[in-house]
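Enquirer: Below are the structure tokens for one structure; questions will follow.
Only the coordinates and a few stated rules stand behind these numbers; no lab work does. In this text, all values refer to a predicted model and were calculated from it rather than measured experimentally. Note: ideal-geometry Cβ built from the backbone for every residue, glycine included; neighbour counts use all protein chains shown.
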Amino acid sequence: MNFLEFKDVSKEYRSGDTVIKALNKVNFKVAECEFVVILGPSGSGKSTLLNLLGGMDRLTSGQIILNGQKVNELNEKALTNYRKDDIGFVFQFYNIISSLSAFENVDMAYRLTTSKISPDEAIKAVGLDHRSNYFPSQLSGGELQRVSIARALCKEPTLMLCDEPTGALDSETGKMIFKLLKLMVKKYHTTVIVVTHNESIASISDKVIRLKDGEIKNIETNEKPLDVEEVIW
């Protein structure tokens, strides 16, 4: 059975008499513990796809099935629990609370979910246990992104969604972040989907889904993904 499946998923936005098709009958499948990259230029539908999968928006037609659960049929309460317990989010600009320490940011997420991974373990997993009491203003961009990954990890999510997670980072720090994300797959058996416009990321993934104008352009499977260190950024 497929872990994740998009079946003829479409999303339309209306502005007066104008209909904008952000996604048009998108179909793809993802296996459990795959590291998937979704590539496409601005306006291709990447963010829309991520918002639908994360339960932050409703599709117009089609079906999204995650681990046997029809996400598009969930009511608002069930959708809130789905976002809270099943999905981990990692954003480009971290969304870290500035008045809380690294540990407190992770601990807050931990307390809001039915978590299994403690904040201490999550922070140690991303290599920040020696800076867990530091505040965001005392941390670098790469460290802030590691805090956001720890925050997502402590939920032990079924699926981790990453929206341009290295877009605000230099190449060396970006490599470090992708090593962590691949570790999430291997050590914690998390399925990871990364949305990006960076073509170099494609070679480290198990599967590449290319979007253009709201439609699937092609889907590629990498039988032997490159190690992060092998990639020319």
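Enquirer: Please work out how much length the chain gains when fully extended from Glu172 to Ile232, using 0.36 nm per residue of separation minus the C-alpha to C-alpha distance, in nm with one decimal.
Expert: Gain on stretching Glu172 to Ile232: 20.5 nm.
Enquirer: Along Cα→Cβ, 7 Å out, is where each label goes; now give me the distance between the ones at Glu104 and Gln138 in nm to one decimal.
Expert: So the two model labels end up 1.2 nm from each other.
Enquirer: Additional query: Return the loop-located trypsin sites (Lys or Arg not before Pro) in region 27-66 (DSSP other than H, G, I, E, B) with at most 16 other Cβ atoms within 10 Å of their own Cβ; answer none if there are none.
Expert: The qualifying sites are Arg58.
Enquirer: Okay, next question. Which lysines, on any chain, are close to Lys116 with Cα under 29 Å apart, when same-chain ones fewer than 8 places away are left out?
Expert: Answer for Lys116, where 29 Å is the Cα cut-off: Lys29, Lys70, Lys77, Lys84, Lys124, Lys155, Lys175, Lys179, Lys182, Lys186, Lys187, Lys207, listed by chain and number.
Enquirer: Please state the shape class of region 4-230: rounded when a/c is under 1.5, otherwise prolate if a/b exceeds b/c and oblate if not, all from the C-alpha gyration tensor.
Expert: Since a/c reaches 1.5 and a/b is larger than b/c, the shape of region 4-230 is classed as prolate.
Enquirer: Report the net charge of residues surrounding Ser200, where surrounding means a beta-carbon distance below 12 angstrom and charges are Lys +1, Arg +1, Asp -1, Glu -1.
Expert: Numbers: positive: Lys175; negative: Glu199, Glu230.
With Lys, Arg at +1 and Asp, Glu at -1, the neighbours total -1.
Enquirer: Considering Cα pairs under 8 angstrom that are at least six residues apart, work out the relative contact order of the chain and quote it in whole percent.
Expert: Reported relative contact order: 27 percent.
Enquirer: For Ile219, put the label point 7 Å out on the Cα→Cβ axis and report which residues of region 4-34 keep their amide N under 13 Å from it.
Expert: 4-9, 26-32
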